[in-house]
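The values are calculated or read from the model by the stated rules, or taken from the named source; none is laboratory data. What you see is a predicted model, and the numbers here were worked out from it, not measured in a lab. Cβ: placed from backbone, ideal geometry, glycine included. Neighbour counts: every protein chain shown. These accessible areas exclude ligands, DNA and RNA; they are computed on the full protein's heavy atoms, side chains included. Shrake-Rupley method; radii C 1.70, N 1.55, O 1.52, S 1.80 Å.
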Amino acid sequence: VLFRSFDRQPELAAWIAIRIGSPLDDCKCIGVERDGRLIAGVGYSNWTPSVDIRMHVAAEHGEPWLSRKALQAFFYYPFIELGVRRVSSLILPSNSRSIRLSEHLGFKSEGRIREAWHTGDDLLLYGLLKRECRYLP
């Protein structure tokens, strides 16, 4: 079950933040629930109107959550509702699962941001343009 309920935004943002290891300030979220418990969530932050928004993805390991319906919702919000032309994601180089997922979804590697993580680690920048997104209706 997908949800984007305004009264659950703080709970969902906190759940995602714990799993990505960074606070999510002033973000909107979409969650995936199964049997009444949260198994995945996407947070959107750093919105630049009509240009870009940052996407943060978190999921419970071993829980199947990635469906066509979920992907359509995750990309409909930024590209259609907000009208951005790109979605960005910052990923630690050591997070091979997120890198594989991003590339599978169509994100392109756009570079390395040196010492950008709060620990001093580099971050990899990935981007997806609206015209490249294959999950829009």
Quiz item: Of all residues in the range 40-51, how many are open to solvent by less than 30 Å² (accessible area, probe 1.4 Å) and not β-branched (Val, Ile, Thr)?
Solution: 5
Exercise. Can you tell me which residue within the range 59-83, out of those that are under 12 Å from the mean Cα position of the chain (by Cα) and without any contact (Cβ under 8 Å) to a residue 60 or more places away in the chain, is least open to solvent (accessible area, probe 1.4 Å)?
Key: Pro78
Exercise. Look through the range 114-137, keep the residues that are over 18 Å from Asn46 (Cβ atoms) and in contact with a helix residue (DSSP H, G or I) (Cβ under 8 Å, 6 or more places away or on another chain), and return whichever of them is surrounded by the fewest Cβ atoms within 10 Å (Cβ to Cβ).
Key: Pro137
Quiz item: Which of (1) under 24 Å from Ser96 (Cα atoms); (2) of a type outside the set (A, V, I, L, M); (3) open to solvent by less than 30 Å² (accessible area, probe 1.4 Å) is the odd one out, the single condition Arg54 does not satisfy?
Solution: (3)
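Run down Ile99, Ile91 and say which single residue is at pLDDT 95 or above, surrounded by fewer than 19 Cβ atoms within 10 Å (Cβ to Cβ) and of a type in the set (A, V, I, L, M).
Every option except Ile99 fails the conditions.
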Quiz item: Taking the condition without any contact (Cβ under 8 Å) to a residue 40 or more places away in the chain, open to solvent by less than 60 Å² (accessible area, probe 1.4 Å) and out of contact with any Asp or Glu (no Cβ under 6 Å at 6 or more places or on another chain), does Gly111 pass?
Solution: yes
Quiz item: List, please: which pairs have Cβ atoms under 9 Å, are six or more places apart or on different chains, and start with a residue in the range 123-137 that is in a strand (DSSP E or B) and end with one that is open to solvent by 40 Å² or more (accessible area, probe 1.4 Å) and aromatic (Phe, Trp, Tyr)?
Solution: Leu123/Trp117
